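Engineer: One structure follows; several queries about it will come next.
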Amino acid sequence: MMDIGSGEVLGLAVVALLVLGPDKLPKFASDAARFVRQFREMANKAKDEVRAELGPELQDISLADLNPRTLVRKHILDDLDLDGDGIADRPARGNGAAAIPPAPVDGVPPPYDADAT
C-alpha cells in the first residue's frame, strides 16, 4: 500500500518531535492510532454491510475482482484457451465470414455461394 522506508519514518518522527514537542507527542501518537483503528473498524463494517446486502451469491466477491485489469484477465483472457492445449482459441483475423461458418437453422445449413465471397 504505502511504500515508506525506515529512513523516512525516522525523518517524520524527528519532524513531529520538533513541531509538537516531547510533551504533546505521546498524546498525538495515541490519538492518531485511535483514529486509524476507528477508521479500519468503520471500513470493515461498511464492507460487511455491502456483502450482506448483495446476498449469498456474491459473498465471495472482493474489491480486487472489480479492478478492470483483473476483470478482463479473469473473464476474457482466461476463457480463450478452452482446449487446455496451451494454444489460445482465437478467431482468424481478416474476413469474419470466412473464419466462422454460418449456424444451421433447424439442422439445415444455409446455402453457400463460393462465387459471392
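Coordinate-derived values only; no laboratory data. Everything numeric in this text was worked out from a predicted model, so none of it was measured. Here the Cβ is made from the backbone with ideal geometry for all residues, glycine too, and neighbour counts use every protein chain on show.
Engineer: I want to make sure I understand the PRE zone here: with the label point 7 angstrom from the Cα of LEU66 toward its beta carbon, which residues in the range 24-60 have backbone N atoms less than 11 Å away?
Structural biologist: Residues 47, 50-51 qualify, since their backbone N sits under 11 Å from the label point.
Engineer: Between the DSSP loop rule and a limit of at most 13 other Cβ atoms within 10 Å, which trypsin sites (Lys or Arg not before Pro) in the range 1-72 are left?
Structural biologist: Details: sites: LYS24, LYS27, ARG34, ARG37, ARG40, LYS45, LYS47, ARG51, ARG69; in loops: LYS24.
Listed in order of number, the matching sites are LYS24.
Engineer: Under a cut-off of 28 Å between alpha-carbon atoms, report the lysines in cross-link reach of LYS27, not counting same-chain residues fewer than 8 places apart.
Structural biologist: The qualifying lysines are LYS45.
Engineer: Identify all lysines with a Cα-Cα distance to LYS47 below 27 Å; exclude those on the same chain that are fewer than 8 residues away in sequence.
Structural biologist: The qualifying lysines are LYS74.
Engineer: Going by Cα centres, the range 44-78 and the range 21-36 are how many Å apart?
Structural biologist: Their Cα centres are 36 Å away from one another.
Engineer: Then there is this: Obtain the nm distance between the two label points defined at HIS75 and ALA29 by a simple spin-label model: each point lies 7 Å from its Cα along the Cα-to-C-beta direction.
Structural biologist: So the label points at HIS75 and ALA29 sit 4.8 nm apart.
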